[in-house]
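Below: one structure, written as structure tokens.
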Amino acid sequence: MDSPTYQQSRGRIGHYFDRTAVQAWAQLTSDAPVSRVRATVRAGRDRMRETLLSWLPARLDGLRLLDAGCGTGALALAAARRGADVVGVDLSPNLVRLAQERVADDPGVAAAGGRLQWLSGDMLDDALGAFDYVVAMDSLIHYEARDAVQALARLAPRTRRAILCTHAPSTPALRAMHAIGQWFPRGDRSPAIVPVRHEALQALAQAEPVLAGWRSARSQRIDSGFYRSQATEWRAP
């Protein structure tokens, strides 16, 4: 996508997750002990992942799924265990390598007939091909609302059934916690989260010609300590 703000945010995100936060992210997405603050984030992410998975069919045999911003691969693995042909893509080669190591030769994938392919790169790359489902869990939360909608517009023509994505809801609590986060050591911060009103995101999506006919089928917000995220299911026409 050519938007300057998207490209700038993409560069910051890639640098952070591939260089600054690899160890912290590996710990957060494991069973290792973490601080109370990060424990709330871990719990929130677990709840969000289960929410998104609950919106997918119980069996995904013969269906292709893109885990856009796969991180360490937990959602991709769960989908493959349901029989899906999953492509997990992330900006961070180090996180992709960690995902490969964690799920190598998982017996549940083989038993279900699923497949896993791991790639490092842009989740919007047309070369990734077409999918039945796209899941973008917390991978658009660092982008401005217009850039997030443009990302959906890039994915929509190659998505047959639905796009499940999340955004950071614009609430007083999230804005306050984001301000507090600025006091943390710079090297320990993630790229800035951009709070977005759900209604504003929907309005922008409805005004986007490429998304004509797509509808917001359901939405769910997860609040867990320092974790705030809202999921939306966008169904294809």
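Under a 5 Å amide H to amide H cut-off, with H placed in plane at 1.01 Å, what residues pair with D138 once short-range neighbours are removed?
HN-HN under 5 Å from D138: T166.
For M1 and Q220 in one chain, what is 0.36 nm times their gap in residues minus the Cα-Cα distance, to one decimal in nm?
The M1-Q220 span can extend by a further 76.1 nm.
Which cross-chain or sequence-distant (5 or more) residues have an amide H under 5 Å from the amide H of S229, H modelled 1.01 Å from N in plane?
Hits under the 5 Å cutoff: I222.
In units of 2.2 N^0.38 Å, what is the alpha-carbon radius of gyration of the chain? Present the calculation step by step, with values, prior to reporting the outcome.
Working: Rg = 16.8 Å, N = 237, 2.2 N^0.38 = 17.6 Å.
After normalising by residue count via 2.2 N^0.38 Å, the value is 0.96.
I want the local charge near R81. Using Cβ-Cβ distances under 12 Å, sum +1 for each Lys or Arg and -1 for each Asp or Glu among the other residues. Please list the in-between numbers first.
Working: positive: R59, R82, R115; negative: D61, D106.
So the environment of R81 carries a net charge of +1.
Ignoring any ligand, DNA or RNA, what whole percent of the accessible area of the chain comes from carbon and sulfur when the probe is 1.4 angstrom?
Numbers: 5740 of 11220 Å².
About 51 percent, which is the carbon plus sulfur part of the accessible surface.
Got a sec? Which residues in segment 206-237 would a label at R146 touch, if it sits 7 Å along Cα→Cβ and we count backbone N under 18 Å?
Residues 206-211 qualify, since their backbone N sits under 18 Å from the label point.
Compute the separation of the alpha-carbon centres of segment 105-167 and segment 1-73 and state it in Å as a whole number.
The two parts, judged by their Cα centres, are 12 Å apart.
Counting helices only, and only those DSSP H runs with n ≥ 4, report the 222 nm mean residue ellipticity of the chain as the sum of -39,500 (n - 2.57) divided by its residues, in deg cm²/dmol to the nearest 500.
Numbers: 9 runs with 92 residues, N = 237.
The per-residue figure over the chain is -11500 deg cm²/dmol.
Which order do the peptides 143-155, 28-40, 75-87 take when ranked by the mean count of other beta-carbon atoms within 10 Å per residue, highest first? Don't skip to the answer; put the middle values down first.
On the way: 143-155: 20.5, 28-40: 12.9, 75-87: 23.8.
In decreasing order of mean packing, 143-155, 28-40, 75-87 become 75-87, 143-155, 28-40.
Please label the shape of segment 1-133 as rounded, prolate or oblate, based on the square roots a ≥ b ≥ c of the eigenvalues of the alpha-carbon gyration tensor (a/c under 1.5 means rounded; beyond that, a/b larger than b/c means prolate, else oblate). Display every interim value, and only then the final one.
On the way: a/c = 1.70, a/b = 1.14, b/c = 1.48.
Taking the square roots of the gyration eigenvalues as a ≥ b ≥ c, segment 1-133 is oblate.
With N set to the number of residues, divide the alpha-carbon radius of gyration of segment 49-114 by 2.2 N^0.38 Å and report two decimals. Let's see the in-between values first.
Details: Rg = 11.2 Å, N = 66, 2.2 N^0.38 = 10.8 Å.
With N residues counted in segment 49-114, Rg over 2.2 N^0.38 Å equals 1.03.
The values are calculated or read from the model by the stated rules, or taken from the named source; none is laboratory data. These figures come from a predicted structure and were not determined experimentally. Positions of Cβ are generated from backbone atoms using ideal geometry, with glycine treated the same way; all protein chains shown enter the neighbour counts. Areas reflect the complete protein model, heavy atoms only, side chains present, ligands, DNA and RNA absent. Shrake-Rupley method; radii C 1.70, N 1.55, O 1.52, S 1.80 Å.
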